[in-house]
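Right, one structure below, let's go through it.
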Amino acid sequence: MDANRIAVQAENIHKSYVLGASAVGALRGVDLTVGKGEFVVIMGPSGCGKTTLLNLMGALDLPSRGALRVDGVDLTSLSDDRLADLRRDRIGYVFQFFNLIPTLTALENVEIPMQFKGVGRRERRERALALLERVGLKDRADHKPSELSGGEQQRVAIARALANQPALVLLDEPTGDLDTATGKQILALLGDLNAREGVTIVVATHDPTVSAVASRVVRLRDGR
């Protein structure tokens, strides 16, 4: 694949964690290329390494061994500050339990990544409102997370992940804490974002219904 069309390239990725006196291998030589505009689902049972792989792609952690590039940048070569800049500017992350700030409104939660980037108040407010409208929540902009349903909180988290127009959006179990009907709505939204706007999406999940909207499914077992 042309390097200019690659969003993520992982080569022989290993990740081990030390537990007591022994090291446990979470990933064992993973190779994966994600093209720009793809919708890739990483599936597998609990403990297979899918969340570990997602965290490495999101620059939340670094591999023990191997090469990992996101949007053409070698993550293993970056300082902590540069990694933080990359996470802010090029990667959107949606956590299973939303991780919204409870004291802020939906609008303010979506504005946060832009505020860290130094975007002016008026511009970030306009973009945050546009993103909330995109996910169907413009009329809930002034509501705090406790006043929103689980599905609404998930949509706010997706809007926040898109705030800085990232090269890559990562989602960890996006339907895991939602009822079936709400989960289908979230999947339809993700499929639409991918199809209409070309957003590159990688989802880690054990939910087989997620694969219905994906362009490719990658299966992990025992870190391979």
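The values are calculated or read from the model by the stated rules, or taken from the named source; none is laboratory data. Everything numeric in this text was worked out from a predicted model, so none of it was measured. As a convention, Cβ positions derive from the backbone with ideal geometry for all residues, glycine included, and neighbour counts pool all protein chains shown. Side chains included, ligands, DNA and RNA excluded: accessible areas come from the protein's heavy atoms. Shrake-Rupley method; radii C 1.70, N 1.55, O 1.52, S 1.80 Å.
Key figures
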| quantity | calculated |
| --- | --- |
| Exclusive hit being open to solvent by 60 Å² or more (accessible area, probe 1.4 Å), in contact with a helix residue (DSSP H, G or I) (Cβ under 6 Å, 6 or more places away or on another chain) and in contact (Cβ under 8 Å) with a residue 40 or more places away in the chain, set R69, R88, R65 | R88 |
| Residues located in region 132-147, provided they are touching a residue at least 12 places away in the same chain (Cβ under 8 Å) and over 12 Å from P102 (Cα atoms) | L132, R134, V135, G136, L137, R140, A141, D142 |
| Candidate set from region 76-104 (those that are outside any loop (DSSP other than H, G, I, E, B) and of a type in the set (V, I, T)); member that is farthest from the chain's Cα centre (by Cα) | T76 |
| Within region 105-129, considering residues that are more than 12 Å from V156 (Cα to Cα) and either assigned to a loop (DSSP other than H, G, I, E, B) or small (G, A, S) (or both), the one most open to solvent (accessible area, probe 1.4 Å) | G118 |
| Residue match in region 35-54 (condition: more than 26 Å from P208 (Cα to Cα), under 16 Å from the mean Cα position of the chain (by Cα) and open to solvent by 30 Å² or more (accessible area, probe 1.4 Å)) | no |
| Strands (runs of 3 or more DSSP E) wholly inside region 1-53 containing at least 3 residues that are under 12 Å from D71 (Cα atoms), out of contact with any Asp or Glu (no Cβ under 6 Å at 6 or more places or on another chain) and at pLDDT 95 or above | 6-19, 22-35 |
